[in-house]
Amino acid sequence: MSWFRITLHRSAIGLPERTRGVLAALGLRRRSQVVFHPVSPQFAGMIMKVKELVRVEEVARPLSRAEVKAERTPERGFWLERRGTGGLEAGKEGEKVGEL
Amino acid sequence: MSRALLRSVLELRPAVPRPIASPRILPATQIRALQTQTPRQFNPTAQFVDPQPRPSQLPEQSTSSLSSSSQREPPKQKPNPPRVRLPTTPPEITPQKLDPSVKSLLPLLAAQPAHYITIHIHGRPYLVTEGDAVRLPFLMPDVQPGDVLRLNRASTLGSRDFTLKGSPWVDERLFECRAVVTGTEQEPVRVMIKKKRRCRRKKHVFSQHRYTTLTISEVKVVTEVPEDA
């Protein structure tokens, strides 16, 4: 079973109530929001109504909210290799604490 | 802000009057020079704050130091677990084939020391070389001064004559880049004035952010490329 991945690309501000109703039925509230719907004639017709506003892809499975967010988040780019035990700064800090 | 400032002033106080307390030994000109020099050493814009006392422990520490100054007890440090735990193991990578040009030119790049590298931390690029100090635009959780970070995302790696460009990233196996956490830096207080029209009321909103500082301790090009690559 395949799914539509629908992204609202253009805002519906100033458009007729009917068009905004279609977007609401698709579950699209704000720009660049992503929703997934199964490929079926009903959803295809809804997409056709707002085809000027959305970008559609066909995907194998729907992604969860966390997965969609992970797509947008840049990579961390580092990992903690070693804890500073007895390092230069850590040693100084320890001495200070002892003096107090 | 006031608490940190008060603490720094309290720490400074015993150090400052020392030169003034011995006026018989020093001539007046030298004393004046010392007096004029001492304020210069205080840098109000960039302060280094100890990251050891967490905000929840600050009041306890200050009261204990004030009340029991004669009894020198080491303050109890409760390990306050941070909300975010940094990974301590390298992320899994899927080995990919290296371009033959990379294999042939990598020894030449490695032979030219003083390499530069564009590392990416949370998607932001930092063009650095060994020994550089980096002030990150955020306070990194779960790190203490002296911790060693391994930086594994780079978009360029180069020397005077050669540059290895990643698309979008340079292969992780081709370089080793490490950074040491050096401390925390505090910015001057920002004051934002909130004002509505036709109303005299003004609200001052203060904010003061802290930033983690790093020093790039190692930038190395790895020449022993694994056979499967």
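The values are calculated or read from the model by the stated rules, or taken from the named source; none is laboratory data. Just so it is clear, the structure is predicted and the values come from calculations on it, not from any experiment. Virtual Cβ from ideal backbone geometry, glycine too; neighbours counted across all protein chains shown. Ligands, DNA and RNA are stripped out before the accessible areas are found, and what is left, the full protein with its side chains, is counted by its heavy atoms. Shrake-Rupley method; radii C 1.70, N 1.55, O 1.52, S 1.80 Å.
Calculate the mean, over all residues of peptide B:185-192, of how many other protein chain Cβ atoms lie within 10 angstrom of the residue's Cβ.
Details: counts 0, 0, 0, 0, 0, 0, 0, 0.
Mean inter-chain Cβ contacts per residue within 10 Å come to 0.
Say R0 is 41 Å: what FRET efficiency, to the nearest 0.05, do A:R82 and B:L98 get from their beta-carbon distance? If you can, show how the numbers build up before the last one.
Values: r = 28 Å, r/R0 = 0.69.
Efficiency for this residue pair is about 0.90.
Kindly report the accessible area of the stretch A:1-61 per residue (heavy atoms of protein chains, probe 1.4 Å, no ligands, DNA or RNA), in Å². Before the final figure, lay out the partial values.
On the way: 4160 Å² over 61 residues.
It amounts to 68 Å² per residue over the stretch A:1-61.
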Estimate the FRET efficiency between B:D132 and A:E17 by the formula 1/(1 + (r/R0)^6), using the beta-carbon distance for r and 45 Å for R0, to the nearest 0.05. 0.20
Greater than 25 Å separation of Cα atoms is the criterion. Which listed pairs, A:K69/B:K203; B:K97/B:K165; A:K49/A:K69; A:K69/B:K196, meet it? A:K69/B:K203; A:K49/A:K69; A:K69/B:K196
Which residues of the stretch A:51-80 end up with at least 30 Å² less accessible area in the presence of all protein chains than when their chain stands alone, using a 1.4 Å probe? A:P74, A:E75, A:R76, A:G77, A:F78, A:W79, A:L80
Considering only protein heavy atoms, what per residue accessible area in square angstrom results for the stretch B:100-221 with a 1.4 angstrom probe? 55 Å²
Buried accessible area between A and B (1.4 Å probe, both chains summed, ligands and nucleic acids excluded), in Å² to the nearest 100? 2500 Å²
